[in-house]
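See below for the structure under consideration.
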Amino acid sequence: MLFSVRHRTFYSYSAPVRLGGHVLRLHPRALDVMIRSESLRIEPEPIFRAVEVDPDGNRTTRVEFDGATDRLLIESVFELETCAPGPLAAAALPWRETAGFDPGPKVRAYACDLFARSGGDALLLLDALNRDLFSRTERRIRDAGYAQEPEDTLLRRKGACRDLTLLFMAAARSLGFSARFVSGYQAQAETPDGKRHLHAWPEVLLPGVGWRGYDPTHGLVVSDGHVALCAGADQRATMPVEGGFYGDGVSSTLAFELVICAE
């Protein structure tokens, strides 16, 4: 699938501020994709800019600024082709006890029930977890804030993509899987008016296979309709823009525009 993405993030400040160092996680992850072009525009122009690879293998851009400004513009533009991952072979699930992770009694009970119904097959369990979270949860867009606690999402049956991702990870980890949080884009619009948002989904490590993604927001296995930016142990490790500013009594306003074309 051919993806073209333009992601514009704009911070405005109520008075001039001095910007601290920022880490930008807006590069497409070079896994199952062929990147045709990419650019990252930043205003004001940084005095230092470096593309680095973090401990999780994600490409990041680290920038430093000088002087005062009342705005910060970050615009990522890229075009790439995605490839669907290969088929998965059946895999037995050897873990009946957790690996020291406690998601809370309700999430643990929920995961154990799915385990019992899967007959110990890892792929059946993960597919069941993915479909069940999709069918039981009312999806909501929430532009700001971290993910809510997994038990809250399970009990309320409401949440944004990051909430479903964290619940999926908690249930999977309670059964001994390694799971991580992924941020990126997907081809399917999430709102009736077609407005696009940064997306999140979990990946699970399958022995002998590698990391495979699931999208409980849409009830799908992650394939060529998804483009990952970065992956980490939790949401905080995948924030697209991380940084701050110095200014007494100054407030900031965030606006964004995301245009995705996929065909």
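The values are calculated or read from the model by the stated rules, or taken from the named source; none is laboratory data. Everything numeric in this text was worked out from a predicted model, so none of it was measured. Don't worry about glycine lacking a Cβ; one is built from the backbone with ideal geometry, like all the others, and counts go over all protein chains shown.
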Enumeration of residues in segment 208-251 that are exposed (fewer than 15 other Cβ atoms within 10 Å of the Cβ) and either part of a strand (DSSP E or B) or of a type in the set (D, E, K, R) (or both): G210, D234, R236, Y246, D248
All positions within segment 111-123 that are within 18 Å of L167 (Cα to Cα) and not aromatic (F, W, Y): A111, C112, D113, L114, A122, L123
Can you tell me which of (1) under 20 Å from L80 (Cβ atoms); (2) aliphatic (A, V, I, L, M); (3) buried (at least 18 other Cβ atoms within 10 Å of the Cβ) is the one L258 doesn't meet? (3)
Scanning for something loosely packed, with under 15 Cβ neighbours inside 10 Å, in contact (Cβ under 8 Å) with a residue 60 or more places away in the chain and part of a strand (DSSP E or B), does segment 31-48 turn up at least one residue? no
Need the failing condition index for G243 against (1) small (G, A, S); (2) modelled with pLDDT of 95 or more; (3) in the same structural domain as T137 (by TED's automatic domain parsing); (4) out of contact with any Ser or Thr (no Cβ under 9 Å at 6 or more places or on another chain), just the number. (3)
Based on this model, can you work out whether R236 counts as under 11 Å from the mean Cα position of the chain (by Cα), over 24 Å from S14 (Cα atoms) and among the basic types (K, R)? yes
Please tell me if P55 is part of a loop (DSSP other than H, G, I, E, B) and at pLDDT 95 or above. no
